[in-house]
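What follows is a short report on a single structure.
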Amino acid sequence: MKKLFAVFALLLATVTWAHVQAQAPASPKMTAESPDKSIKVVYGQPSKKGRVIFGPEGSSSLEKYGKVWRTGANEATEVTFKNDVMFGGKMVKAGTYTLFTIPGEKEWSVILNSQLGQWGAYDYDKIKGSDVAAIKVPVSMNKTPIEKLTITPANSSIAIAWDNMTISVPVMKHGS
């Protein structure tokens, strides 16, 4: 009887471990801060997994050119500025904002919106009146595809890189 109980306990532990492993997020939540801690970005980090990420409408790409994207996975990406900033030339008050992008082949639109707690970009059309800044930035093509979406805040910029594209948004402390 003790052997049977031990086998059952081992089997239960194995099944529980496998279940926990299966629930690990496919797109883990990441937090990135600028070196001076003035910019923080929280986003879901999807992986390429052999997929075509960006492309035109009608293609098999994950994100379509000209369509609003949450710029990550799961909840929409949030950016926090400790100080008032010039975000690509637009004045933005200190605070936390939802970050959306509209990828394009040559340039992206980058949008900050004051409505927090968004899931994806599904309701963007309903909240676009809350945009606080919308700018356009050029695309740089990566020589080697980047497997995981990476958002990197520096002291004076925010870079977004995934697959074959990278963009960089200038962010200057207001008054500098």
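The values are calculated or read from the model by the stated rules, or taken from the named source; none is laboratory data. Only a predicted model underlies this, so the values are computations on that prediction, with no experimental measurement involved. Methodologically, a virtual Cβ is constructed for each residue, glycine included, from the backbone with ideal geometry; neighbour enumeration extends over all protein chains shown. Just so you know, the surface numbers come from the protein's heavy atoms only, side chains and all, with ligands and any DNA or RNA stripped out. Shrake-Rupley method; radii C 1.70, N 1.55, O 1.52, S 1.80 Å.
Observations
- Applying both filters, DSSP loop and at most 13 other Cβ atoms within 10 Å, to the chymotrypsin sites (Phe, Trp or Tyr not before Pro) of segment 92-176 gives Tyr122.
- Within segment 36-87, trypsin sites (Lys or Arg not before Pro) in DSSP loop having at most 10 other beta-carbon neighbours inside 10 Å: Lys37, Lys49
- Difference of contour (0.36 nm per residue) and Cα-Cα distance, Lys29 to Ser59: 8.0 nm
- Reference-scaled alpha-carbon Rg (2.2 N^0.38 Å with N residues) for segment 48-117: 1.26
- Scanning residues 5 or more positions from Asn142 or on other chains, those with amide H under 5 Å from its amide H are Met165, Thr166, with H placed 1.01 Å from N in the peptide plane.
- The GluC sites (Glu not before Pro) found in segment 62-112 that occupy coil by DSSP, while having at most 16 further C-beta atoms within 10 Å, are Glu105.
- Among Ser61, Val92, Pro103 the positive-end extreme of the charge dipole of the chain (Cβ point charges): Ser61
- Counting heavy atoms of the protein chains alone, Met91 has an accessible area of about 80 Å² for a 1.4 Å probe.
- With all protein chains kept in place, the per residue accessible area of segment 71-142 amounts to 49 square angstrom at a probe of 1.4 angstrom.
- Using θ = phi - 60° in the Karplus curve 6.51 cos²θ - 1.76 cosθ + 1.60, the 3J(HN,Hα) couplings for segment 133-150 round to 7, 9, 10, 10, 10, x, 8, 10, 8, 7, 5, 10, x, 9, 5, 10, 3, 10 Hz; x is entered for Gly and Pro.
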